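Note sheet for the following structure.
The values are calculated or read from the model by the stated rules, or taken from the named source; none is laboratory data. The structure displayed is predicted, hence computed values, not measured ones. Cβ atoms come from the backbone with ideal geometry, glycine included; neighbour counts cover every protein chain shown. Remember, those area values only see protein heavy atoms, side chains included, never the ligands or the DNA or RNA. Shrake-Rupley method; radii C 1.70, N 1.55, O 1.52, S 1.80 Å.
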Amino acid sequence: MPIPYTTGVHQLAPQTFAYLQGTCATGYSNAGLVVSGDEALLVDTLYTLDQTRLMLSAIADTVPAADICWVVNTHHDGDHWWGNQLVSDAMIVSSTAAARVMRHAGPETVVPYLSPDTDPRLRAILEPFDFSGITPTYPTITFTGELELTVGARTVRVLEVGPAHTVGDVIIHVPDERVVYAGDVQVFGGHGVVHCGPIANCVRACDTILDLDPEFVVPGHGPVGGKAEVRQFRDYLELVQGHATAAHAKGQSALEAAREFDFGSVPDLAHPERVILNIGAVYREINTDGTPGPGQLLHQMVDLEENLKTQKEKVTA
Ligand SMILES: [Zn+2]
């Protein structure tokens, strides 16, 4: 039975849950919950305090006796840890690399995007969110490689797979119920984003998840899936890498390459404009001089979004 993609707590297996927000628009991420006895481990704490409060109240309704004693942050993007302060009694875990970047990845980083001077199309992405009251609350336990945590009578493994989507990605493996919480190294139903790379590591993260033979994979964004969705995402990453490498060799800009991407081969993925960020990541790997920078790509992304909408309107007119 597929897990419905609606906002709320969804049971995947006994005492093993996903918290979903029903949209893969920017800022709406997924979380996870593993319970044993009166102990619980929470995967990620969402973007705004409103989102986190809503989630914690849904969790309290579902498993009232469980005390969140562990939090694992899958990576440093704000939509996965800015709610940490609301579970600050827990031990908070991340990779050492993610924790280091979090020091410079608090809500102050969205301020430039909300300024009146910013392209209104970029501003519109973040305007719906209320970032007030967020006090960056950092991990208390960091690690490299692999870490095993005990939640009541259960064992949960945390595996470092970054640098991939970001510099310090981890995935959470729940062996007894064959569940993986993947953070943003997996996005289902939409174009995932490679901020950091190399893309080869993102592909390797897919292989690591497939090797764990999971029944359920909870992506950082999008509906819950399984191995088929991981394979599709792996194929997507390889498609982007091949296309971008060929376009770079032809001397095309990242925007030109994005316009020529074969969107028809991945018709079910939302937010096609995000492909330019991934093409840009491949270009940065090849260029080795930091270009094209993420800021420039974000501006081109909104241009591309407008182009794609106009094209679609022409086709449907
Ligand atoms: Zn995210």
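For the reader, a short list of remarks on this structure follows.
- Centre-to-centre separation between the Cα atoms of the range 122-158 and those of the range 1-76: 12 Å.
- The range 207-310: C-alpha gyration tensor shape, a/c 1.5 cut-off, then a/b vs b/c: prolate
- Loop trypsin sites (Lys or Arg not before Pro), the range 78-163 (other Cβ atoms within 10 Å of the site Cβ: 11 or fewer; DSSP): ARG103
- Residue-averaged 222 nm ellipticity for the chain, from DSSP H runs of 4+ at -39500 (n - 2.57), nearest 500: -11000 deg cm²/dmol
- Magnitude of the charge dipole for the chain, about its Cα centre and with charges confined to Cβ atoms of Lys, Arg (+1) and Asp, Glu (-1), is about 380 debye.
- Computed over the chain, relative contact order equals 14 percent, with contacts defined as Cα pairs under 8 Å that lie 6+ residues apart.
- Local net charge near ALA257, Cβ-Cβ under 15 Å (Lys/Arg +1, Asp/Glu -1): -2
- THR150, THR288, ranked by accessible area, largest first (probe 1.4 Å): THR288, THR150
- Listed by number, the DSSP H helices of the chain that run 30 Å or longer by alpha-carbon position along their axis and have mean Kyte hydropathy of at least 0.0 come to an empty list.
- Percent accessible area from carbon and sulfur atoms, the chain, protein chains only, probe 1.4 Å: 54
- Shape of the range 31-114, Cα gyration tensor, a/c cut at 1.5: oblate
- Among beta bridges that DSSP assigns inside the chain, antiparallel share in %, nearest 5: 60
- For ILE125, neighbours were defined as the other residues whose beta-carbon sits under 13 Å from its Cβ, and their charges (Lys and Arg +1, Asp and Glu -1) total -2.
- Values of log10 I(q)/I(0), in the order q = 0.14, 0.23, 0.24, 0.26 Å⁻¹, for the range 43-92 under a Debye, Cα-only, solvent-free model: -0.30, -0.82, -0.88, -1.01
- Probe 1.4 Å, protein heavy atoms only - accessible area per residue of the chain in square angstrom: 42
- Over all other residues within a Cβ to Cβ distance under 14 Å of THR142, the charged ones net out to -1, with Lys and Arg as +1 and Asp and Glu as -1.
- The alpha carbon convex hull volume per residue for the chain rounds to 133 Å³.
- Cα-centre dipole for the range 175-216 with unit charges at Cβ (Lys and Arg positive, Asp and Glu negative), debye to 20: 240
- Computed packing ranks the peptides 230-236, 270-276 as 270-276, 230-236, most packed first, by mean other Cβ atoms within 10 Å.
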